[in-house]
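As structure tokens, the structure follows; a few thoughts come after it.
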Amino acid sequence: MQSSDTADRPQSILIVDYGSQVTQLIARRIRETGVYCEIHPFQSAGAAMAAMQPRGVVLSGGPASTLDENAPTIDPTILDAGVPILGICYGQQALCMALGGKVEAGHHREFGRAAVKVDKPSALTDGIWELGSEHQVWMSHGDRVVQLPEGFEVVGTSANAPFAMIANAARHIWAVQFHPEVVHTPDGARLYDNFVHNICGIASTWTMAAYRAKMIEKIRDQVGTNKVICGLSGGVDSSVAAVLIHEAIGDQLTCIYVDHGLMRLNESEQVVTMFRDQYNISLVYVDVSKVFLRELDVVSDPETKRKIIGRLFIETFEKEAKKLGGAEFLAQGTLYPDVIESVSFTGGPSVTIKSHHNVGGLPERMNMQLVEPLRELFKDEVRVLGRELGLPESFIGRHPFPGPGLAIRCPGGITPEKLDILRQADTIFLDEIHKSGQYDKIWQAFAVLLPVQTVGVMGDGRTYEFVCALRAVTSVDGMTADFYQFDMNFLGKTASRIINEVRGINRVVYDVTSKPPGTIEWE
């Protein structure tokens, strides 16, 4: 289906973002097919089109109505480029409006699961959905298309969306009212596979081996013979970035590890040992835990905690960087979601330092250029790159750890005693999960020391101690999640261990909260 005049374009897809909370999932699904893609806001889509010269374009969903006076529109260069286009939800409505169709205000809203019937064959559903069959999809729309532009035909319908799937094969345009990118559309990933491979004609060339080689060459070209310092947090992102940069420039890299006293049990020792002994990377270790804990002692608000941790981290990092002298580059574990989120729906840029604190800004006085070798990758892709680089699976497969560390898993004021209690409980919880063989089935699991104490009876005496909450969630994308369904025997055994082995806890509860869609970090 690929048009002959696009055959020499790069092997990539442009995703135009209209503000959907799941736009990143579109990119993930396309990357999973082995095809490179980038997300750009609709305001800069024309410039992105010129720079990327993609072989196909996906128009995302969004919260706006195409009937609004200042509704987001489609850049004409996209429609004139002759490349295949796939419109999703708002993207479908915007296409129809731009090409002469009509959209109706939300009298037939449709949110949640729906059944789409395939009324005509199309290149998008070829080999996936048979003619006349019905399939589950995920709808999320108020407005709907009521009149198609010239040259389009209906290829699929639902109860409340008579134009659920439309196509204009002559113009290489397909559009759907539902969201194929979410897990609630079971065959959605296959639809994207059809679009990028069969319609756009792109081969699966997006591999970590190729990315590794490309980034090593890029780092060497950028840095030359200069020195680089890296703020190593001990997390997967900064660690993979450090190992990749070290492979590229060797002893020109020095890592700085700031121990703020908020890491998990023995984690700082493990990080130092791995980087100094296993990878022979120059590492500066600085213990400022007493400074951090002194300022966090009476702070309860989690955002205030973040800002304190961010400020102290930057002050410490800057001080240690000055001691090294002569470094012109700063390495960061910036990921693609950070890049996307740094430009809001309305286009406002935000310059942030991506380190383990996730707050604050890089002081201009440091006057350093950034080296960000992971800025094109999602979290799961960083793990694949880590394996490509040979990092141990026990490290790469670890559950995500929040930027401020245990500070936000210890609501209320923070003290060394409370952190010690939390570390012990968290270690027992994870130990039991590992022993039961459930660790890799869970996206993230951790303990929280609640800021309440309860009266209990232990043995022949009364106790007045803290309550520990256990949380574990499953996720396939890191954006939506549900609580993990442990059996009661596991929870009972784990609770008994925590109460018996951790002095300071006399009650354990399990959190069954689900994670709403559209949020990135689960803490």
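Numbers at a glance
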quantity: Single residue of V118, V182 found to be touching a Leu at 6+ places or on another chain (Cβ under 7 Å), touching a residue at least 60 places away in the same chain (Cβ under 8 Å) and surrounded by 17 or more Cβ atoms within 10 Å (Cβ to Cβ); calculated: V182
quantity: Test: G492 is without any contact (Cβ under 8 Å) to a residue 12 or more places away in the chain and in a helix (DSSP H, G or I); calculated: yes
quantity: Given (1) open to solvent by 40 Å² or more (accessible area, probe 1.4 Å); (2) closer than 30 Å to D221 by Cβ; (3) modelled with pLDDT of 90 or more, index of the condition E295 fails; calculated: (2)
quantity: Checking P402 against (1) touching a Pro at 6+ places or on another chain (Cβ under 6 Å); (2) in a loop (DSSP other than H, G, I, E, B), the condition it does not meet; calculated: (1)
quantity: Top-ranked residue in region 79-103 [being in contact with a helix residue (DSSP H, G or I) (Cβ under 6 Å, 6 or more places away or on another chain) and of a type in the set (V, I, T); ranked as farthest from R28 (Cα to Cα)]; calculated: V103
quantity: First in region 226-247 and more than 9 Å from G386 (Cα to Cα) and assigned to a helix (DSSP H, G or I), second anywhere and modelled with pLDDT under 95 and among the aromatic types (F, W, Y), Cβ under 8 Å, 6 or more apart; calculated: A242/F275; H246/Y279
quantity: Checking V473 against (1) modelled with pLDDT under 95; (2) hydrophobic (A, V, I, L, M, F, W, C); (3) open to solvent by 10 Å² or more (accessible area, probe 1.4 Å), the condition it does not meet; calculated: (3)
quantity: Answer from W522, W443 - the residue that is under 30 Å from R294 (Cβ atoms), at pLDDT below 90 and touching a Ser or Thr at 6+ places or on another chain (Cβ under 8 Å); calculated: W522
quantity: Criterion violated by T254 - all others in (1) at pLDDT below 95; (2) surrounded by fewer than 23 Cβ atoms within 10 Å (Cβ to Cβ) satisfied; calculated: (1)
quantity: Among (1) open to solvent by 30 Å² or more (accessible area, probe 1.4 Å); (2) over 16 Å from T254 (Cα atoms); (3) modelled with pLDDT under 85 - the single one T304 does not satisfy; calculated: (3)
quantity: Identity of the residue in region 127-145, part of a strand (DSSP E or B) and open to solvent by 60 Å² or more (accessible area, probe 1.4 Å), that ends up modelled with the lowest pLDDT; calculated: W138
quantity: One residue from F111, F42 being aromatic (F, W, Y) and surrounded by fewer than 17 Cβ atoms within 10 Å (Cβ to Cβ); calculated: F111
quantity: Tabulated pairs, region 414-426, first under 18 Å from S268 (Cα atoms), second open to solvent by less than 60 Å² (accessible area, probe 1.4 Å) and charged (D, E, K, R), C-beta under 7 angstrom, 6+ apart or interchain; calculated: L422/R409; R423/R264; D426/R264
quantity: Residue within region 139-149 that is within 23 Å of P54 (Cβ to Cβ), in contact with a helix residue (DSSP H, G or I) (Cβ under 8 Å, 6 or more places away or on another chain) and of a type outside the set (V, I, T) present; calculated: yes
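The values are calculated or read from the model by the stated rules, or taken from the named source; none is laboratory data. This structure is a prediction, so every number in the text was calculated from the model and none was measured. Every residue, glycine among them, receives a Cβ derived from its backbone with ideal geometry; neighbour counts consider all protein chains shown. Areas reflect the complete protein model, heavy atoms only, side chains present, ligands, DNA and RNA absent. Shrake-Rupley method; radii C 1.70, N 1.55, O 1.52, S 1.80 Å.
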